[in-house]
Amino acid sequence: MERIRPFEEVLGGPGQHLEIKRLQRERQPASEFVAPGADCWLWESVLIRDGEAIAHLQENISAGPVSFGSGSAAAAPLELDDDGGTTLLAALYKRGGRVLGPGECQVGLSQVGPSRAKLLDLRASDPVLVLTQYVRHANRPFYLAKCLIPDRAGHLSVMQSLQS
C-alpha cells in the first residue's frame, strides 16, 4: 500500500488465483476528485480470489486528453482496452507504464451497505476496510479508486523503509 499498485497486486499472492469480474464500464461526468469539468471512465469490479469474492472496486480516471510521453508527446483522449481481466489501473500501466504520481491511500472502516453486500455475499451491516486511492498525473487529479474489503480477505501488509 506504500506504492501505487493495482489492487490485484495488493490482494493477490503466490499460489492464489485472482480474477476480475467486471460489473460496469462507462463514461460519465467527472467528480470533484477526478478531472473536475471533464468526463471520466468508471470501472466497477469484484475481485475474486480462489473462487471467493474478496473486494468490491470502483475506479475512476479522467477521460480527457493526456500525455504519458516525455517532452513533446501530444496529449490525446484516453482510451483503454478492457479485456475484463485486469483493473483499470493495471490496464493503464500496461498502456503507458508506471508514470503516475504522487498518490495517496486513505484507510478507513465502514459498513458494506445493501447493494455491495449482495456482490460480496455479506450482510449490509458487515464491516469492511475501505481503501481510497487518489493519484495525480501532471499535477492534476487523475485517478480515484475505492476498494471495499471484508475481513475474509485476510491481512494486508504495508512495506516500510527506513528514512535517513
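One line per residue, one yes/no per condition, for (1) part of a strand (DSSP E or B); (2) under 19 Å from the mean Cα position of the chain (by Cα); (3) at pLDDT below 85:
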site	(1), (2), (3)
25	yes, yes, no
31	no, yes, yes
58	yes, yes, no
70	no, no, yes
74	no, no, yes
79	no, yes, yes
83	no, yes, yes
86	no, yes, no
Pairs where the first residue, in the range 138-164, is under 30 Å from residue 118 (Cβ atoms) and the second is of a type in the set (Lys, Arg) and modelled with pLDDT of 90 or more, C-beta under 8 Å, 6+ apart: 148/116; 153/49
Filter result (free of Cβ contacts under 8 Å to residues at least 60 places away in the same chain and in a helix (DSSP H, G or I)) within the range 101-129: 114, 115, 117, 118
Residue in the range 106-113 that is at pLDDT 95 or above and of a type in the set (Ser, Thr, Tyr) present: yes
Hey, residue 98 of a type in the set (Lys, Arg), surrounded by 11 or more Cβ atoms within 10 Å (Cβ to Cβ), modelled with pLDDT under 85 and assigned to a strand (DSSP E or B) or not: no
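The values are calculated or read from the model by the stated rules, or taken from the named source; none is laboratory data. For clarity, every value in this text was computed on a predicted model and none was experimentally measured. Neighbour counts are summed over all protein chains in view; Cβ atoms, including those assigned to glycine, are modelled from backbone coordinates with ideal geometry.
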